[in-house]
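A.B. asks: Quick one: structure below, then a few questions.
The values are calculated or read from the model by the stated rules, or taken from the named source; none is laboratory data. The shown structure was predicted, so the numbers you read here are calculated from the model rather than taken from an experiment. Positions of Cβ are backbone-derived with ideal geometry, glycine not excepted, and every protein chain shown enters the neighbour counts. Quick note on the areas: whole protein, heavy atoms, side chains included, nothing else; ligands and nucleic acids left out. Shrake-Rupley method; radii C 1.70, N 1.55, O 1.52, S 1.80 Å.
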Amino acid sequence: MDQERRRFVGFTAGMGYGMIAIAFASCGKPPSPQAPVAPGTATSSAAPVPDDAARRPDDLVYPVTIEHHEVTTAVDPSNDVNGVEGGVEDGAVGGDLDGVVAAPPPPPPPPPPRPPQNVAPTSLEANRMAGTKNIVPDDVTKVEIQRARKTKLVGTWKLCVTPEGNIGTVAQLKSTGFPAYDATITKTIRGEWRYRPFLVNGQPAPVCTAVTFIYSQLPAPEQKKSESRTP
């Protein structure tokens, strides 16, 4: 009875391992003898801690140190698709942000066109392809010429021909004295006259010349009759 009482006291003193002691007792194994415990003294039924030497190598835990290394990669600002802060649009790669962006030099201007060469009227006339040079006034102007008692009209024009043989410019140098006749001459030159390309050193070139128009008209019969009676 005293032995059972001590077993019960041990169970109440160490609740954690008392359950294990009762389980073994129920299996029929006699409990190991224990030293008598003085009244009021708590007994510890904690399992003994094995020595480090008795541990297996697999049970040992070795400390492991994990080092964290940060890898930094140099970034080339010229490869940034968003550009560099402070830069300008269409700027030079790797340029100085504090410097002055120099504009590219402008292309050289084209060489000025060669001025037209002045040629003799007979030289240009040899290249005529279209248009008549016998330009006469209309009937109304002829009547005005008769009334003005004019028998000869003289007018001069300067015309320039392109390398293709077309009329470039027409300028009146001397009027015939009748604006309607002057307008007829200018209109005919611009609209009808065409030439073959005039060659200078074997190359088509623009040329200019002066053309003089001489128009003669007989006086009216009345004028001739009156003139014959004049002493």
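A.B. asks: I'd like the full set of residues that are assigned to a loop (DSSP other than H, G, I, E, B), open to solvent by 100 Å² or more (accessible area, probe 1.4 Å) and in contact with a Ser or Thr (Cβ under 6 Å, 6 or more places away or on another chain), limited to segment 174-225. Before you say what the answer is, go through the steps one by one.
C.D. replies: Of the residues in segment 174-225, the ones assigned to a loop (DSSP other than H, G, I, E, B) are 175-178, 193, 196-198, 201-202, 205-206, 217-220.
So of that shortlist, the ones also open to solvent by 100 Å² or more (accessible area, probe 1.4 Å) come out as 196, 201, 218.
Listed by number, the list is empty, since nothing qualifies.
A.B. asks: Here are some conditions: (1) more than 20 Å from Tyr195 (Cα to Cα); (2) open to solvent by 80 Å² or more (accessible area, probe 1.4 Å); (3) modelled with pLDDT of 95 or more. Pro106 meets all but one. Which one does it not meet?
C.D. replies: So Pro106 meets the others, but not (3).
A.B. asks: Please enumerate the residues belonging to segment 134-167 that are outside any loop (DSSP other than H, G, I, E, B) and among the hydroxyl-bearing types (Ser, Thr, Tyr).
C.D. replies: Across segment 134-167, the qualifying residues are Thr141, Thr156.
Here's the yes/no breakdown for (1) basic (Lys, Arg); (2) more than 25 Å from Pro112 (Cβ to Cβ); (3) touching a helix residue (DSSP H, G or I) at 6+ places or on another chain (Cβ under 9 Å); (4) touching a residue at least 12 places away in the same chain (Cβ under 8 Å):
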| position | (1), (2), (3), (4) |
| --- | --- |
| Ala130 | no, yes, yes, yes |
| Lys133 | yes, yes, yes, yes |
| Arg149 | yes, yes, yes, yes |
| Lys174 | yes, yes, no, yes |
| Phe178 | no, yes, yes, yes |
| Ala183 | no, yes, no, no |
| Ile189 | no, yes, no, yes |
| Tyr195 | no, no, yes, yes |
| Ser216 | no, yes, no, yes |
